[in-house]
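A.B. asks: Shown below is the structure under consideration.
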Amino acid sequence: MAHAVRFYETGGPDVLTWERVTVGDPGPGEVRIRHVAVGLNFADTYFRTGLYPVRLPDGIGVEASGVVEAVGEGVTHVTEGDRVTYTGSPLGAYSTERVMPASHLIKLPDGIGFETAAAMTMRGLTSAYLLRRIHPLKAGDTVLLHAAAGGVGLIVSQWARLLGVTVIGTVSSEEKAELARAHGCEHIIHYRRENVADRVRELTDGAGVPVVFDSVGKDTFNGSLASLSRRGLLVCFGTASGPVPPIDAMQLAVNGSLFVTRPALADYIAEPAERDALAGELLDHVASGRIKIEINQRYSLEDAAQAHRDLEAGRTTGSSVFVL
């Protein structure tokens, strides 16, 4: 019998329930997949709390890897027995198996394991569009990266180093600072005891940085803006501390004609050709060892509530996965 984590109301981690579910046969354009590993992402908490509204009851989770067990009519790019990974709607990745749209599936190279895939698909594709699509970064540029020891942070730092881009990363502890440095983050700011914007100006001879990657949101927004150079871009791609405050357009003008964007991964992988290009670059870096994926927490799906508590409390580093 298949099992899944579901929730019937929004709220804290305790709203997550572990229950038996019935998984049928795939319809046209669908597959049935048996999961081997499932990704844990901060975005999962947004669905659980209602920040991202969904019709309840529902499953949870958008990222997993596993084996295709059956394909529906019209599915041609994967076949039974293929090793695959995915990220994207509909919710329901926190499950032992499921029926889902085949269009989201990405074939896995033999050299990449299921746990690595589940730990990197969403974070890796996010890193890919941040570095390869958002802004024309070039060798010699310097960027500010919040949460540098997180799952996305560790991938962005490694990838940026490959591109010749210098990363200034913010962290909350010396343990996280050491982890970020080991993955290519050249300068560290301890945001709990240093003024981020002042330190960025010091490191850049007063110029600021052309791009800030901010997954924290409310608590870092003002400091992120103050860290930008003239005509700089603030990329708000997460809200771990809460939604960003309302934006005063005039303040963007008087502080250097600044830009702010709030991108979503879905819009950068909606076109199959673009998704495949980003995924291909990511998988090539990981398979070759140029980018290493740190899995520092492993949970069982039955412990989803505790995993969410750890994530929201900042007790995790790198990537976290559920192992089946």
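The values are calculated or read from the model by the stated rules, or taken from the named source; none is laboratory data. From a predicted model like this one, the values you see are computed outputs, not experimental measurements. Note that each Cβ is placed from the backbone with ideal geometry, even for glycine, and that neighbours are counted across all protein chains shown. When the accessible area is computed, the model is the full protein with side chains, heavy atoms only, and any ligands, DNA or RNA have been set aside. Shrake-Rupley method; radii C 1.70, N 1.55, O 1.52, S 1.80 Å.
A.B. asks: Taking interchain pairs and intrachain pairs at least six residues apart, which have beta carbon atoms under 7 angstrom, with the first residue in region 214-225 and free of Cβ contacts under 8 Å to residues at least 60 places away in the same chain and under 11 Å from A197 (Cβ atoms) and the second open to solvent by 40 Å² or more (accessible area, probe 1.4 Å) and not small (G, A, S)?
C.D. replies: Listed by first residue and then by second, the contacts come to L225/N255.
Conditions (1) modelled with pLDDT of 95 or more; (2) open to solvent by 70 Å² or more (accessible area, probe 1.4 Å); (3) β-branched (V, I, T), marked per residue:
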| residue | (1), (2), (3) |
| --- | --- |
| N195 | yes, yes, no |
| F213 | yes, no, no |
| T239 | no, no, yes |
| A253 | yes, no, no |
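A.B. asks: Please specify each residue of region 278-324 satisfying the condition of being surrounded by fewer than 16 Cβ atoms within 10 Å (Cβ to Cβ) and of a type in the set (S, T, N, Q).
C.D. replies: Across region 278-324, the qualifying residues are S288, N296, S300, Q306.
A.B. asks: Mind checking which residues of region 226-266 are part of a helix (DSSP H, G or I) and within 22 Å of the chain's Cα centre (by Cα)? If you could, list the steps in order and put the result at the bottom.
C.D. replies: Initially, region 226-266 is screened for residues part of a helix (DSSP H, G or I), giving 226, 249-254, 265-266.
Answer for region 226-266, where residues must be part of a helix (DSSP H, G or I) and within 22 Å of the chain's Cα centre (by Cα): L265, A266.
A.B. asks: Can you tell me how many residues in region 216-237 are under 21 Å from T126 (Cβ atoms) and open to solvent by 20 Å² or more (accessible area, probe 1.4 Å)?
C.D. replies: Going through region 216-237 one residue at a time, the tally reaches 6.
To keep it simple, each residue is scored yes or no on (1) of a type in the set (A, V, I, L, M, F, W, C); (2) closer than 26 Å to S215 by Cα; (3) touching a residue at least 60 places away in the same chain (Cβ under 8 Å).
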| site | (1), (2), (3) |
| --- | --- |
| H3 | no, no, yes |
| Y8 | no, no, no |
| D14 | no, yes, yes |
| H35 | no, no, yes |
| L40 | yes, yes, yes |
| A43 | yes, yes, yes |
| G61 | no, yes, no |
| A64 | yes, yes, no |
| V67 | yes, no, no |
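To keep it simple, each residue is scored yes or no on (1) part of a strand (DSSP E or B); (2) under 21 Å from A270 (Cβ atoms).
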site	(1), (2)
W18	yes, no
V23	no, no
R34	yes, no
A43	no, yes
Y52	no, yes
A64	yes, yes
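A.B. asks: Can you tell me which of (1) of a type outside the set (D, E, K, R); (2) surrounded by fewer than 17 Cβ atoms within 10 Å (Cβ to Cβ); (3) touching a Leu at 6+ places or on another chain (Cβ under 7 Å); (4) farther than 30 Å from E115 by Cα is the one V200 doesn't meet?
C.D. replies: (2)
A.B. asks: Restricting the search to region 114-148, which residues are in contact with a Cys (Cβ under 8 Å, 6 or more places away or on another chain) and either touching a residue at least 60 places away in the same chain (Cβ under 8 Å) or surrounded by fewer than 21 Cβ atoms within 10 Å (Cβ to Cβ) (or both)?
C.D. replies: L145
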